[in-house]
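Here is the structure we will look at.
The values are calculated or read from the model by the stated rules, or taken from the named source; none is laboratory data. No experiment lies behind these values; they were computed from the predicted model shown. Backbone-built Cβ (ideal geometry, glycine too); neighbour counts: all protein chains shown. Side chains are part of the model used for accessible areas, which takes the heavy atoms of the whole protein and leaves out ligands, DNA and RNA. Shrake-Rupley method; radii C 1.70, N 1.55, O 1.52, S 1.80 Å.
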Amino acid sequence: MSAVKTLVIGAMVALIGVTIYLWGHSDGSDGRAPRVGGESVAAQPKLSPVKARPRDAYFPNSEDLGRNEMRVIACGTGMPTARPSQAAACFLVELGNGDKFIFDVGTGSAERIAALQIPYNYLDKVFLGHLHTDHFGDLASLFVGGALAGRQKPLRVWGPSGQEPKYGTKHAVEHLREMVTWDLDGRKGLVDERGYQIEAHEFDYKGINQVVYQDNGVTIRSWPAIHSLDGPVSFSLEWNGLKFVFGSDTYPNKWFVEYAKNADLAIHECFVSVPAMIEKFKFTPKGALSVGTQIHTAPEAFGKVMSTIQPRMAVAYHFFKDFDTTADINDRVRSTYDGPLSLAEDFMVWNVTKKEIRVRMAIVDEAVWPPPATEKPEQPNPANRIPYSEMISGGRLDVKDVIQPIYDEINKEYGLDEKQE
Ligand SMILES: [Zn+2]
Ligand SMILES: [Zn+2]
């Protein structure tokens with residue numbers, strides 16, 4: 001008998017044996033009732049053989065970042081009309097050295113950032129590619145909400161100049177600060193005020209691969225983008241041999257294909273397809289062609305850009321990613337690009353190391369509360385409070401009787417002697 005035949009017959013015998021065994025004891029036991037202290041416990045429910053397994057998803061606040069690892073999370077991937085499933089442009093970059101950076105903070109993205117459970121003191125650096133609201137519409141929310149939730153330092157915003165001062169980041173940030181005057185003045189004397197400051201770090205939009213930030217081993221560069229008006233830029237962030245590139249919005253351009261080279265993760269806009277703009281956004285054909293291919297980057301052109309730079313991972317965003325649009329976008333990109341591709345959606349996560357790029361989705365707790373502040377707040381000075389006018393103050397109902405028990409409860413719990421105003 002040949003060796004192969006012997007093996008086959010041996011395997012068959014083993015299989016029959018196992019089959020007979022399982023036939024007799026379909027629960028996989030040895031068929032004897034287990035006994036505890038001489039009593040049969042056969043009537044007890046059987047344990048499920050299914051054990052918990054690690055899941056291939058990212059749960060915020062559950063994973064330490066490796067020292068040489070970069071984690072990027074999409075906090076907005078959609079359009080100016082933010083919707084429940086997609087906020088507008090925002091990407092968070094976290095590095096193994098502890099640094100965190102926000103690239104664009106489009107409408108609706110502050111809520112996504114909140115879901116990541118990162119103490120707000122770490123979220124003090126924002127880089128804006130341009131000043132469309134779908135790229136900075138939630139700056140006020142991050143500014144004020146972040147300060148309230150524990151950012152005890154100014155929010156720093158880097159962004160480009162424009163053809164005139166009124167088109168620059170400094171103008172936008174200063175006027176945003178003006179816009180929230182009532183909000184911030186009303187908080188004087190009530191909270192730690194150090195977070196209620198916002199700094200604009202404006203740089204020349206025409207700078208070619210210029211360094212706009214350098215600290216703690218991180219270098220961020222900018223180069224011009226072509227979109228709407230002069231002013232927009234794209235960024236690269238380099239750290240520890242890893243390179244992240246964020247295009248913000250742009251028509252395909254020569255600077256991007258030059259300076260995004262060697263990117264580990266290259267994020268570039270990939271706009272809603274022209275037929276979908278006509279059908280779903282009700283653009284005229286002329287308008288759709290203009291906006292979808294001349295102001296923005298069409299999916300086919302996105303593919304051409306990525307074929308040119310060949311990143312380790314190409315990330316497409318800036319389209320509504322639905323069951324009936326994803327295949328179309330994918331087909332159009334694939335007509336010009338066959339490399340690694342992520343069609344981004346909100347809460348997509350990329351863990352980037354030299355060895356691999358792991359792509360997952362984050363599973364978030366929607367009823368999240370802000371994480372505890374990492375630094376002790378400064379005691380507010382009640383003298384800074386701006387008082388109500390007599391007219392408004394005189395409208396207060398007397399509810400001291402129902403408020404007093406709250407004071408009593410808190411004074412007792414915390415050993416205080418606070419009194420009603
Ligand atoms: Zn734009
Ligand atoms: Zn945009």
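Scanning region 118-133 for residues that are open to solvent by 20 Å² or more (accessible area, probe 1.4 Å), more than 16 Å from ligand 1 (Cβ to nearest atom) and part of a loop (DSSP other than H, G, I, E, B) yields one hit, PRO119.
Here is a yes/no grid of residues against (1) within 16 Å of ligand 1 (Cβ to nearest atom); (2) open to solvent by 60 Å² or more (accessible area, probe 1.4 Å); (3) in contact (Cβ under 8 Å) with a residue 12 or more places away in the chain:
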position	(1), (2), (3)
THR219	no, no, yes
LEU229	yes, yes, yes
ASN253	yes, no, yes
ILE267	yes, no, yes
VAL272	yes, no, yes
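Cβ-Cβ distances below 6 Å connect the following pairs, each with a first residue in region 75-98 that is assigned to a loop (DSSP other than H, G, I, E, B), a second residue that is β-branched (Val, Ile, Thr), and a separation of six or more residues or different chains: ALA82/THR107; ALA88/THR107. Filtering region 225-282 to residues that are among the polar types (S, T, N, Q), in contact with a strand residue (DSSP E or B) (Cβ under 8 Å, 6 or more places away or on another chain) and within 22 Å of TYR167 (Cα to Cα) leaves SER234, SER248, THR250, ASN253. Give region 366-421 a look and list any residue that's open to solvent by 80 Å² or more (accessible area, probe 1.4 Å), among the hydroxyl-bearing types (Ser, Thr, Tyr) and not in a helix (DSSP H, G or I), or say none. Residue satisfying the conditions is TYR388 alone. Considering (1) open to solvent by 70 Å² or more (accessible area, probe 1.4 Å); (2) among the β-branched types (Val, Ile, Thr); (3) in contact (Cβ under 8 Å) with a residue 60 or more places away in the chain, the lone condition that VAL352 does not fulfil carries the number (1). When region 134-164 is filtered for residues that are open to solvent by 40 Å² or more (accessible area, probe 1.4 Å) and out of contact with any helix residue (DSSP H, G or I) (no Cβ under 6 Å at 6 or more places or on another chain), the ones remaining, listed by number, are LEU148, LYS153, ARG156, GLN163, GLU164.
Residue-level check: of (1) more than 16 Å from ligand 1 (Cβ to nearest atom); (2) assigned to a strand (DSSP E or B), SER141 misses just (2).
Taken together, PRO232, PRO252 contain a single residue that is at pLDDT 95 or above, closer than 23 Å to LYS100 by Cα and within 16 Å of ligand 2 (Cβ to nearest atom), which is PRO232. Any residue in region 288-297 that is within 29 Å of ASN351 (Cβ to Cβ) and among the small types (Gly, Ala, Ser)? So far as region 288-297 goes, no, none of its residues is within 29 Å of ASN351 (Cβ to Cβ) and among the small types (Gly, Ala, Ser).
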